[in-house]
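What follows is one structure encoded as structure tokens, with my remarks underneath.
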Amino acid sequence: EVTGFGPMRKHYDFWGKNVSIPGIGGPILMAQPFTIEADLVLDSATASGVVLAVGSRFGGWSLYLDEGRPAFTWSMSTDPQEITTVVSDKARPAGKSTLRLNFATGRPGSPADVTLFSGGEDLAKVKVPMNFLMPAGNGELLDIGRDIGVPVTDYKTPLGEIEGDIPHVRVDFP
């Protein structure tokens with residue numbers, strides 16, 4: 001279920017995993033500052049899978065878990081020089097936890113600082129060279145708990161399906 005859907009808003013709520021909406025129909029998660037907060041219930045401390053993904057490897061990004069470690073990939077194209085990835089060295093525990101992503105940026109086309117954190121602890125940071133992506137077409141999706149269609153990156157699970165649950169994801173704009 002998606003609440004806060006419609007014209008650009010300051011807040012969006014997504015309830016449950018396996019949510020997919022057209023990439024052009026929901027929040028614009030690039031070229032402006034935003035924060036994502038996801039409530040996770042993980043099957044194990046080595047759980048893998050997508051928390052939230054936008055677009056594809058042709059133009060998109062993904063917040064995901066790689067064997068329990070929060071990770072972020074920003075893909076401007078399939079050229080390895082245009083792909084930025086960071087993986088935390090700290091795994092999330094089995095059970096309930098919260099994962100946050102902060103996308104700090106200025107005007108469209110400028111770089112962005114991406115920080116992953118949980119409970120006030122920084123888990124990973126990376127700078128992406130440009131805060132804007134060109135999605136590959138109208139078929140691009142915003143996915144929660146999986147990355148269907150053409151994925152942003154390679155995942156440890158089929159379709160990037162999360163090993164656990166994502167009861168709630170909040171997206172906020174300043």
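The values are calculated or read from the model by the stated rules, or taken from the named source; none is laboratory data. Keep in mind that this is a model prediction, so the values were computed, not measured. All Cβ positions, even for glycine, are placed from backbone atoms using ideal geometry, and neighbour counts span all protein chains on display. These area figures cover heavy atoms from the full protein model, side chains too; ligands, DNA and RNA do not enter into them. Shrake-Rupley method; radii C 1.70, N 1.55, O 1.52, S 1.80 Å.
For the pair Trp15 and Asp39, label points projected 7 Å from Cα toward Cβ lie 1.1 nm apart. A simple count of charges around Pro22, restricted to other residues whose Cβ falls under 12 Å of its Cβ and scoring Lys, Arg +1 and Asp, Glu -1, yields -2. Return the tail of the calculated pair distribution for the stretch 1-109, meaning the percent of Cα-Cα pairs more than 23 Å apart. Value for the stretch 1-109: 31 percent of Cα pairs lie more than 23 Å apart. For the stretch 143-148, 3J(HN,Hα) computed residue by residue from phi via the Karplus equation (6.51, -1.76, 1.60; θ = phi - 60°) reads 10, 10, x, 5, 9, 8 Hz, glycine and proline entered as x. The share of accessible area on the chain that comes from carbon and sulfur is 55 percent, using a 1.4 angstrom probe.
The residues of the stretch 10-100 present an accessible area of 40 Å² per residue when probed at 1.4 Å with all protein chains retained.
Multiplying the sequence separation of Asp89 and Asp113 by 0.36 nm and subtracting their Cα-Cα distance, what value in nm do you get? Don't skip to the end; give the middle numbers.
On the way: separation 24, 0.36 × 24 = 8.64 nm, distance 1.84 nm.
Going from the current span to full extension adds 6.8 nm.
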